[in-house]
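> Sharing a structure with you now.
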There are 2 protein chains.
Amino acid sequence: MARGAGLDADRIVKACLAIADEEGIGQVTMRRLSRDLDVTPMAIYHHVANKDELFDLVLDESLRAVEPVDPAGDPFDELMRWGRAFHRLLVDHPSLAQEMASRRLEGPVAVGAAGRILDLLARAGTPDDRADELLVALFSCILGTAQYRISRNAESARRGGRALPEDFADGRAGMRDRLSDTSITDQRFAAILTVLIRGYLPAAH
Amino acid sequence: MARGAGLDADRIVKACLAIADEEGIGQVTMRRLSRDLDVTPMAIYHHVANKDELFDLVLDESLRAVEPVDPAGDPFDELMRWGRAFHRLLVDHPSLAQEMASRRLEGPVAVGAAGRILDLLARAGTPDDRADELLVALFSCILGTAQYRISRNAESARRGGRALPEDFADGRAGMRDRLSDTSITDQRFAAILTVLIRGYLPAAH
């Protein structure tokens, strides 16, 4: 196979994520990418015009890992499944969470996924303005909980598992233990997501 | 007044925020800070041991701008007021949102504020585990919505107000306009916050 043959969006995205996951998003450059893919920089510029477009592409393509909702399925179940998968994607790839917090997602995969959620909510009888709001609420709360979870993991590693000091929380009874356990687990995330979705879906669902 | 006289945490915090708001958090260094405050670096090291401690101090002190909840007040009203003020603080200071997404908040101001929220929820009859969960949910959703809002503002500026392309969203009727308006306003944030709080408070409230 010729050098760089078969270069497609999928290979570019995988190589980007590999660099970002291992070394941080700051290490992703067109030059580094072309080296890792064993292609010329021009081969990459054939797909994206610059790093800005590259990041847009990576974010959009990465969303393929989250199975879109089925507009004909049960609204609550579908949104829960989608939300949990999206949260998992971000927790597994902190660099995606970081970039999604600062860029608009409007590539074909993101738009397709959003469209299916709006279709699902329309079928469930959710008024358009509430459906639009839930879409924004879901995305930003999934992002916020993922970032919070990622940062707690990172901080725990930095502290080497060190517990909060004994005199923490002004000696308030019980408060130290409660504030020591402000982590987000899969279970806790699912409970938060449940409150959000139930609050928006008409009571019948 | 002697050079650097009256240096206290408040002055350090204000100088940090001024640099971060104007030029980004990356520009905050001990050297730059001592120059802006017209003190020797040693004067700053008298208050914080390193940049890590400095950032912890700035985040914690910045929370003084958010009036804590009154544990004797109406639970829904108090949490709404607190949540809106916290969201406003982050939207007004993007660097705070960015840092809060990656550090644990456990200084005296943060702990005091969290303690009052837990007291308020206990008074409202919320079970401890649900109260702990709401605390995490509130914080991470306020953070997520603020970051989303900040990034949309930044992206709009980058685009120079350019609308989404005509062929956006695959020509789906209405979808382009709906996805063009996935912004977070004060009103939309308050609606999301309402759903979250109502979902956790016992029905009586």
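Quick note: the coordinates plus some simple rules give every number you see, no bench work behind them. The model shown is predicted, which means the values in this text are computed figures rather than measured ones. Here the Cβ is made from the backbone with ideal geometry for all residues, glycine too, and neighbour counts use every protein chain on show.
> Treat every Asp and Glu Cβ in segment B:9-62 as -1 and every Lys and Arg Cβ as +1, leave all other atoms uncharged, and give the resulting dipole magnitude about the Cα centre to the nearest 20 debye.
260 debye
> Here's another thing I want to ask about it. Nearest beta-carbon of B to the rotation axis carrying it onto A: which residue, how many whole Å?
B:Gly144, 1
> What is the projected area of the convex hull of the Cα atoms of segment B:1-114, averaged over all directions, in nm²?
Computed as one quarter of the Cα hull surface, the answer is 7.8 nm².
> Separate question: Starting from the eigenvalues of the Cα gyration tensor, five times each then square-rooted, give me the equivalent ellipsoid semi-axes of segment A:9-62, largest first, whole Å.
Semi-axes, largest first: 15, 13, 10 Å.
> If you add up the charges near A:Phe189, with Lys and Arg at +1 and Asp and Glu at -1, over every other residue whose beta carbon is less than 14 angstrom from its beta carbon, what do you get?
+2
> When the Karplus curve 6.51 cos²θ - 1.76 cosθ + 1.60 is applied with θ = phi - 60°, which whole-Hz ³J(HN,Hα) does each residue of segment A:61-68 get, with x for Gly and Pro?
Values, residue by residue: 5, 4, 5, 5, 6, 9, 4, x Hz.
> Pop out the ³J(HN,Hα) list for segment B:191-199 in order, Karplus 6.51 cos²θ - 1.76 cosθ + 1.60 with θ = phi - 60°, rounded to Hz; leave Gly and Pro as x.
5, 5, 4, 4, 4, 5, 5, 4, x
> Then there's this: Please list 3J(HN,Hα) in residue order for segment A:83-94, calculated via the Karplus relation 6.51 cos²θ - 1.76 cosθ + 1.60 where θ = phi - 60°; whole Hz, with x for glycine and proline.
3J(HN,Hα) across segment A:83-94, in whole Hz: x, 5, 5, 5, 4, 4, 4, 5, 5, 6, 10, x.
> Roughly how many Å is it from the Cα centre of segment A:88-140 to that of segment A:59-73, as a whole number?
The distance from the Cα centre of segment A:88-140 to that of segment A:59-73 comes to 10 Å.
> What does the net charge come to around B:Thr145 if you take all other residues with beta carbon closer than 13 Å to its beta carbon, with K and R at +1 and D and E at -1?
Within the 13 Å Cβ shell, the charges total +3.
> Once the label point is placed 7 Å from Cα along Cβ, list for A:Ser102 the distances to the corresponding points in the other copies, in nm, shortest first.
0.9
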